[in-house]
Amino acid sequence: MLTSVAWINDYLDPPASDQEQADLLTQAGFPLEEREEVDDDVRQDFEMTSNRGDCTCHVGLAREIAAASNRRLVPPTVDLPAGTGSVHDFAKVTNECPEACPRYTARVIRNVKVAPSPDSIANRLIARGDIPRNNIVDATNFVLFELGQPTHVFDLDKLAGGEIVIRMARPGERFLPIGEDAEEIELDGSELVIADAEKPVALAGVKGGALTAVTEDTTNILLEAATFDPVAVRHTSRRHNISSDSSFRFERWVSPAAVDSPAERLASLILELAGGELCDGVCIAGAELPQSQQVTMRTDRCRQIIGLPVDDETMVGFLDRLGFQPVLDDGVITATVPVHRGDIEREVDLIEEVVRMHGFDAIPAPEEMRMRPAVMPPRVECHRAISNVLVASDFVESITHTLVSDREAAPFLASGQDTMHITAGSAPGDAALRPSVLASLLRVRKHNLDQGLRSLSLFEWGSIFHRVGDDRTEKRSLALLSDDDGQGVRSLRGVIDRIAALLLGPETQVEVDPGDTPPWYAPGGRVMINGACIGWIGRLAPVVTGTWGLDQAMIAAELHLDELMSNWPPTFLVKPLPAFPAIERDLSAIIDEATAWNDLEQSIRSLELPNLESVDFVTVYRGKGIDSGRKSLTMRLRFRSTDRTLRNEEVDEVMPGVLDTLTSRFKAEIRA
């Protein structure tokens, strides 16, 4: 906030030197950033926190200085003359959006004379770095930087129908902002505008329009003083990349109850500077004014928090100097929040005010502090444990933006799904919210390939977004992407097995079901853990990898682990190691390419062979000696008894049943 030392002193008795102002405001929480001497004045720039919009003006800072130094605050006085003729004979205000514009007021002054401002006004504006324009425009800027209330003046004769309508823009409407280099913009319907009977004449809270601006020929004017929803103002400002001192202030909240006094100050100042006749009355449109808010503070709690023996009366004095009208009753202070203090909502906010007035420097800082390390939340611990498994498997973690291009999002949309977008203009570049984290990982893989990295495995935790009709969904997922090393999905399947064992224990059943696979996998399948689907795995379709210019085959998986992670840490049942040795039989069979390992495993387990402990996949072979459309699969059967040592003859007796099952159900040729 750029300030003039002399301007702040206009409202202080006695005045404060530039150094006193800097010291007192720094103590109050507004540190000095820059200082510059300007003619007979000093320009100082103070840092503002986003919740203290009331201090983005000279009276607001003078109020802080007065409270901190026991000076007297001397606010500007207003004495409006009686009006001639009713304002309603010349202007009409309709507010179609009271939720976005809680209060809009309009006054009319006729027969003004536009001219340069007197030195008393111009010098104040120059001292803080502004350029004087004319007495009308300068009056609005003066009130803004004096009282913190943005205002605007329209040439009344240029308003179609003498009408003001607060409404949403209509898609396709055009608007030309004020400014020498301003360009006409097209509105998309998401902006709050001030319009006349025909067209938008201002972007509400952001910028006035050139077509209704005050010029040297202006004689009749309409004075706007209002407040707008900070989110609506911020949206319009970002959407069209237009900012102003007004939008800066409105984005920090202006209370509807604080509008009228600055509006009267503006009318009084214009009558003083430009003459004219004020019309009687005010056009007002909007919601009801909010009731005064009260916040209580326990004095014992305040002392406990700040660690200082500040007595009750001192606390009351601090809050009284800040305008809170405090009332003390049995150790509880009830404070009425001033209309300009939108940052005061809770007891701790009042405690902060006491600390500010007492002085942060007066709070002793102990040489030693006792700290108790916080216990890591289970979800965070689980997240790290899974990441460690992936890093140990030679995966590299990636952190990317959730935004991708429409072209990159399209391959990962299932039937009926649409891409979600951020509002145009909210951020430069890509605007689509990714439907799969794989879209981001493929971009990373392409970048590293271009840098010469021929082999790379990536993983990322991130959010994905889908839209089906009016329903919007956001989910967290873990995406894995790896170059195909010739083993297909087996290497990645092994990584998923390790994650499943980490989450649920070594007995966890992991299966890949080829049914109901998203179209970006070719081939692929659902990842099932203990019968529940938690994601998909497969080889990415060439049309997908080709979108990023990747020629090699890529293996990918995308898992949704939130439900499994919620049970971290898992409960494991410990049992003794086997007391007797196992007997293993390796079996190789030539089967059709389409036969899935899961089908073979389940068929063998359904035989309920005595002492069968496990059926494990070993390897698969395709090539010389194996017909096209067939493959040679090797499995290992492990047998073990819990109470004695098995004999080979016992295992040999049950193996023919396994061979018969393979040959009869799967037309297998037994190799060994």
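What follows draws every value from the coordinates through simple rules; no lab data is involved. The structure displayed is predicted, hence computed values, not measured ones. We place every Cβ from the backbone using ideal geometry, glycine too, and count neighbours over all the protein chains shown.
Tabulated values for the structure
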quantity: Tensor-based shape of region 534-672 (alpha-carbon gyration tensor, a/c under 1.5 rounded, otherwise prolate or oblate); calculated: oblate
quantity: ILE131-ASP329 FRET efficiency (beta carbon distance; Förster radius 56 Å; 0.05 resolution); calculated: 0.60
quantity: Using θ = phi - 60° and Karplus 6.51 cos²θ - 1.76 cosθ + 1.60, couplings along region 312-320 (whole Hz; Gly, Pro as x); calculated: 4, 5, 5, 4, 4, x, 4, 5, 5
quantity: Centre separation in Å (Cα based) which lies between region 315-372 and region 53-98; calculated: 26 Å
quantity: The chain - share of DSSP beta bridges that are antiparallel (%, nearest 5); calculated: 95 percent
quantity: Under Karplus coefficients 6.51, -1.76 and 1.60, residue-wise ³J(HN,Hα) of region 184-198 in Hz, glycine/proline x; calculated: 5, 10, 9, 8, 10, x, 9, 9, 7, 10, 9, 10, 9, 6, 10
quantity: Relative contact order of the chain, pairs being alpha-carbon contacts under 8 Å that are 6 or more residues apart, as %; calculated: 9 percent
quantity: Straight-distance crosslink candidates among lysines, where the alpha carbon sits under 23 Å from LYS199 and sequence neighbours closer than 8 are dropped; calculated: LYS92, LYS158, LYS207
quantity: Extension reserve of the ASN448-SER86 stretch, reckoned as 0.36 nm per residue once the Cα distance is removed; calculated: 123.1 nm
quantity: Burial ordering of ASP660, ASP470, fewest other beta-carbon atoms within 10 Å first; calculated: ASP470, ASP660
quantity: Gyration tensor verdict on region 87-286 (Cα atoms; rounded if a/c is under 1.5, prolate if a/b is larger than b/c, oblate otherwise); calculated: rounded
quantity: Cα-centred dipole magnitude for region 221-283, charges only on beta-carbon of K, R (+1) and D, E (-1), debye, nearest 20; calculated: 520 debye
quantity: Charge dipole (the chain, unit charges on Cβ, about Cα centre) - positive-most of LEU73, MET48, ASN9; calculated: MET48
quantity: Sequence of GLU408, GLU345 once ranked by neighbouring C-beta atoms within 10 Å, starting from the fewest; calculated: GLU345, GLU408
quantity: Cα-based helix-to-principal-axis angle, 260-274 vs the chain, degrees rounded to 10; calculated: 50 degrees
quantity: Within-15-Å neighbourhood charge of LYS631 [Cβ basis; K, R +1; D, E -1]; calculated: +1
quantity: Cβ charges +1 (Lys, Arg) and -1 (Asp, Glu), total dipole of region 434-479, debye; calculated: 140 debye
quantity: Integer Hz, Karplus 6.51/-1.76/1.60 couplings in order for region 460-474, x for Gly and Pro; calculated: 7, 8, x, 9, 10, 9, 9, 9, 10, x, 9, 8, 10, 10, 10
quantity: Amide H partners (placed H, <5 Å) of SER457, local residues excluded; calculated: VAL396
quantity: Computed helical MRE - 222 nm, the chain, DSSP H runs ≥ 4 contributing -39500 (n - 2.57), nearest 500; calculated: -8500 deg cm²/dmol
quantity: Nearby lysines by direct alpha-carbon distance to LYS631 (threshold 19 angstrom, same-chain neighbours under 8 apart not counted); calculated: LYS667
quantity: Part-to-part distance (alpha-carbon centres) for region 585-645 and region 256-278, which is given in Å; calculated: 90 Å
quantity: Three-way shape label, the chain, alpha-carbon gyration tensor, a/c 1.5; calculated: prolate
quantity: Fewest-first ranking of THR547, THR571, using other Cβ atoms within 10 Å as the exposure measure; calculated: THR571, THR547
